[in-house]
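The values are calculated or read from the model by the stated rules, or taken from the named source; none is laboratory data. These numbers were taken from a predicted model, which means no experiment stands behind them. Virtual Cβ from ideal backbone geometry, glycine too; neighbours counted across all protein chains shown.
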Amino acid sequence: MFVCLVIVLFAGFPVAFSLAAVAGVFGAIGIATGDFKTSFLTNMLFRIQGTFNNDNLLALPLLIFMGMLLERTGIAEDMFVALNRLFGRLPGGLAYATVIVGAVLSAITGFVSASVVAVGLIALPVMLRKEYDPRLATGVVAASGTLAQVIPPSLVLIVLAEQMEVSLVEIYRGALLPSVLLVLSYLAYIFIVTRFAPERAPPSPRAQAEAWTGSRMFIATALAAGLPLAIVFAVLAVIYFGVATPSEGGAFGVSATLALGLAKRKLTGRNLRQAMDVTGILCSGIIFLLLGASFFTLVFRGLEGQVWVESLFGHIPAGSIGFILFVNVAIFLLAFFLDFFEIAFIVLPLIAPVARQLGIDMVWLTVLLAVNLQTSFMHPPFGIALYNLRSVAPPSIRTSQIYWGAVPFLLLQILMVGILIAVPQIVTTAPPAKIDIDKVPIILPAPPE
């Protein structure tokens, strides 16, 4: 069943329908041979119902819509221009601004491809005009876009929380410090490069002339960059401290972004419709993936596939440490050929039961795998983020420059995986949020008839 799925995927068929089709064929074979009980099909109906009743998944369209609004209304571009005025007089100032804008867009959009394309269109032409080294410029853009994997309230973390069956709020809490460390590592790398090779990222003469020339410039910069940042931090804060659920936080973010767009007179019927169209397409794709993956996992377990997986991991030495190392190396290698959604919906549900049997902290494992999967977008020559960047980069940028520019940031991501394995307390000792139970709605499943 697993081999047939791999063949179908490499043949180029859509992932969601490939999952459902392979599961349907092998489910029918299992019923015909008596190896598969028809009661599992009844469970599939309950899974579909549970998917649409899931409160966490309700945050998906809201957070996507918020990110698309920031992009389509040009608020994200204004933020980059404002940060350029703030940092532009420094060597690598545009690169610093790109990392910050990329982190904000990544936190909202939650999709690497969307973040890379948006940051590439906004920041890459400006850096190239300022005579930045193409390798450094493209590497910064690609790495900033991949932050969508780990920065809360990332949509990727919502998907991982559902597949690993762990608390979304705990995932957000655990991913906060690793994501901050990743951003700081990017900024530190830019600082080191510009310290020893300032010609690779020269300061902007115009920014030097404009920076902090008066209170009007300061206010304009604070409003352009501060308000979008405030929305992102407010959404994260209300979720982190238990004031609101992720879906309520997303609704708050959408309302604030709409109000900001109206106040800046940048919200029009055209860009509002574009944002809604993109949101609908992305959410539909996620739902079909989730349903297809649920069907595949159900049939796989109905045929006792989890017993086969457990027996495979039973031969790995060193217990839980050997399991962690093997899984991370395997996912790193699989990411050369499979994208995030294929790994998240196919591989992770198979290893989650084994991890629970070994007594591994599931929140730590989920955050660790999120950082590991971040590298899948930066693998030369198959990284999706590099393909996305190639599509928006000017023809003067060689593909080899994009690949070499991604390598240092890929090494930083791998280093972060090693740090999280060596020091799990970075995730597990996150300060608990004070949750007022009376303010958090609890949705209980209806009792069976």
Which residues, counting only those in region 343-360, are polar (S, T, N, Q) and outside any helix (DSSP H, G or I)? none
Considering only helices (runs of 4 or more DSSP H) wholly within region 377-449, the ones with at least 2 residues that are at pLDDT below 75 are 384-392
Would you call residue 123 touching a residue at least 40 places away in the same chain (Cβ under 8 Å) and either in contact with a helix residue (DSSP H, G or I) (Cβ under 8 Å, 6 or more places away or on another chain) or not polar (S, T, N, Q) (or both)? yes
Just to be sure before I move on: is residue 354 at pLDDT 75 or above and not hydroxyl-bearing (Ser, Thr, Tyr) in the structure I sent? yes
Apart from one, (1) of a type outside the set (Val, Ile, Thr); (2) more than 15 Å from the chain's Cα centre (by Cα); (3) within 29 Å of residue 274 (Cβ to Cβ); (4) not in a helix (DSSP H, G or I) all hold for residue 153; the odd one out is (2)
Residue set 159, 140, 169; condition within 15 Å of the chain's Cα centre (by Cα) and in a helix (DSSP H, G or I); output residue 159
Six or more apart or on different chains, Cβ atoms under 7 Å: show the pairs whose first residue is in region 317-336 and at pLDDT 80 or above and whose second is of a type in the set (Phe, Trp, Tyr). 323/313
With more than 30 Å from residue 57 (Cα to Cα), of a type in the set (A, V, I, L, M, F, W, C) and in a loop (DSSP other than H, G, I, E, B) as the only criterion, which of 90, 94, 128, 124 stands out? 90
Within region 26-56, can you find the residues that are modelled with pLDDT of 75 or more and surrounded by 14 or more Cβ atoms within 10 Å (Cβ to Cβ)? 26, 27, 29, 30, 31
Of the residues 369, 350, which is farther than 27 Å from residue 187 by Cβ and of a type in the set (A, V, I, L, M, F, W, C)? 350
Output for Cβ contacts, cut-off 6 Å, separation at least six or different chains, first residue of a type in the set (S, T, N, Q) in region 344-371, second assigned to a helix (DSSP H, G or I), reads 366/160; 366/164; 366/171
Looking at region 257-282, which of its residues are within 22 Å of the chain's Cα centre (by Cα) and crowded, with 17+ Cβ neighbours inside 10 Å? 257, 275, 278, 279, 282
Could you tell me which residue of region 94-116 is modelled with the lowest pLDDT, considering only residues that are touching a Leu at 6+ places or on another chain (Cβ under 8 Å) and over 19 Å from residue 257 (Cβ atoms)? 116
